[in-house]
Amino acid sequence: MDDQGGDSVSVWRVGGAARVAGYAIPAAVGGKALFGWVGWVSSPGAETARLAGLWSGLAVGVALFFWWVILRVRLEVGPDGIVAVNPWGTHRLGLDEVASVWLGAWGAEFHHGDGFKTTAYALSELAAGTSQERRFVELLAVLEADPDSASQ
């Protein structure tokens, strides 16, 4: 990134309602777990401890799920190539490996010369019903620009 003194890298993350939900839902479940433990402190008992423990486990599970599916997903484009971090893995592509870029249902699709494709989920709104076209135009502008002038 520019602030680290290196080459400029453009980064996109899941946005819109999906990103808000990625923070709000785990926070709500975590709040319920906290209230469960406050209830246990005010009236200790096996049943209140069991419920607080269940909500705590659920809060950890929900937070990990939303982090894995929404919050860690990103797309980076820089002079060294493209890095697409998706829920199921990280894909690294050289800029010379990309034959074409299309907008698919789940984000930008980088079509390789050998017929394979890599989808970057970070560009999508994860079925939030909003248009991805503005973000796709930003991506195309970065890909077409000189790598030294690419910044996001």
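Of everything in segment 70-80, what is open to solvent by less than 10 Å² (accessible area, probe 1.4 Å) and of a type in the set (Val, Ile, Thr)? Give them in sequence order.
Val73, Val77 - these are the residues of segment 70-80 that are open to solvent by less than 10 Å² (accessible area, probe 1.4 Å) and of a type in the set (Val, Ile, Thr).
Being at pLDDT below 90, open to solvent by less than 40 Å² (accessible area, probe 1.4 Å) and among the small types (Gly, Ala, Ser) is true for just one of Ala108, Ala59. Which residue is that?
Ala108
State which residue is nearest to Leu140 (Cα to Cα) when the search covers only segment 81-105 and only residues that are touching a Gly at 6+ places or on another chain (Cβ under 8 Å) and open to solvent by 80 Å² or more (accessible area, probe 1.4 Å).
Of everything passing the filter in segment 81-105, Glu97 is nearest to Leu140 (Cα to Cα).
Residues to consider are Ala17, Ala27, Ala52, Ala46; find the one that is open to solvent by 50 Å² or more (accessible area, probe 1.4 Å), over 25 Å from the mean Cα position of the chain (by Cα) and among the aliphatic types (A, V, I, L, M).
Matching residue, one of Ala17, Ala27, Ala52, Ala46: Ala46.
The values are calculated or read from the model by the stated rules, or taken from the named source; none is laboratory data. For clarity, every value in this text was computed on a predicted model and none was experimentally measured. Cβ sites come from the backbone with ideal geometry, for glycine too, and all protein chains shown count toward neighbours. SASA here: full protein model, heavy atoms, side chains in, ligands and nucleic acids out. Shrake-Rupley method; radii C 1.70, N 1.55, O 1.52, S 1.80 Å.
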